[in-house]
């Protein structure tokens with residue numbers, strides 16, 4: 001049986017980067033180990049950080065929009081021999097589609113689209129960790145720039161362009177936005 005869940009955090013552990021998927025209302029989270037680029041992509045989606053050019057997940061979403069396909073939900077469905085399995089449930093008109101996916105890609109889409117996320121109870125039972133056992137050191141954002149750092153960098157670039165163009169009102173707005181971060 002599947003239960004509704006959320007992306008609780010992206011963490012750095014002694015085993016690498018992990019996205020922690022937590023069933024709603026649960027005191028357990030499932031660490032799914034992912035690569036650095038996948039972690040960054042999920043963080044960008046969670047932080048709703050605008051990028052100057054579309055990343056792979058953004059491109060996929062744009063293509064789906066053009067062909068009138070919507071994501072209904074993402075599911076982490078299984079854990080076999082240490083490998084997690086996921087699927088993306090989509091809809092095109094009256095047609096329903098189920099696409100096999102790496103969990104990191106499915107979660108990258110879920111982070112951007114804010115669509116429902118589900119995880120199999122059997123996966124939680126097998127791989128779940130009590131959240132009170134997750135130390136602060138393990139729950140730090142993954143190596144590399146955080147979503148906030150990426151946003152600050154983008155704002156800094158815009159600030160420099162505004163100053164160069166002598167658009168001081170825009171520069172002041174950007175300066176203030178950077179301070180708020």
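Comparing 38, 164, 27 in a Gaussian network model of the chain (Cα springs below 10 Å), the most mobile by mean-square fluctuation is 164. All Cα-Cα distances of the range 2-143, cut into 5 Å bins from zero to the largest, leave 2, 10, 20, 23, 21, 13, 7, 3, 1, 0 percent in each bin in turn.
Using the Cβ-Cβ distance between residue 126 and residue 68 with R0 set to 41 Å, the FRET efficiency works out to roughly 0.65. Placing dummy labels 7 Å off each Cα toward the beta-carbon, the span from residue 97 to residue 177 is 3.3 nm.
Of the beta bridges in the range 52-121, as assigned by DSSP with both residues counted there, near 85 percent are antiparallel. Label sites at residue 27 and residue 168, each approximated as a point 7 angstrom past Cα along Cα to Cβ, lie 5.8 nm apart.
At full extension, residue 36 and residue 2 could sit 9.5 nm farther apart than now, given 0.36 nm per residue minus the alpha carbon distance.
Springs join every pair of Cα atoms under 10 Å in this Gaussian network model of the chain, and among 167, 132, 48 the largest mean-square fluctuation is at 167.
Highest-first packing order for the peptide set 92-101, 109-118, 10-19 is 109-118, 10-19, 92-101, based on the mean count of other beta carbon atoms within 10 Å. Counting other Cβ atoms within 10 Å as a rough exposure proxy, the listed residues 53, 173, 73 run 53, 173, 73 from fewest neighbours to most.
Rule-based calculations on the coordinates, nothing more; no lab input. All values reported here derive from a predicted model rather than from experimental measurement. When we count neighbours, we look across all protein chains shown, and the Cβ atoms used for this are built from the backbone with ideal geometry, even at glycine.
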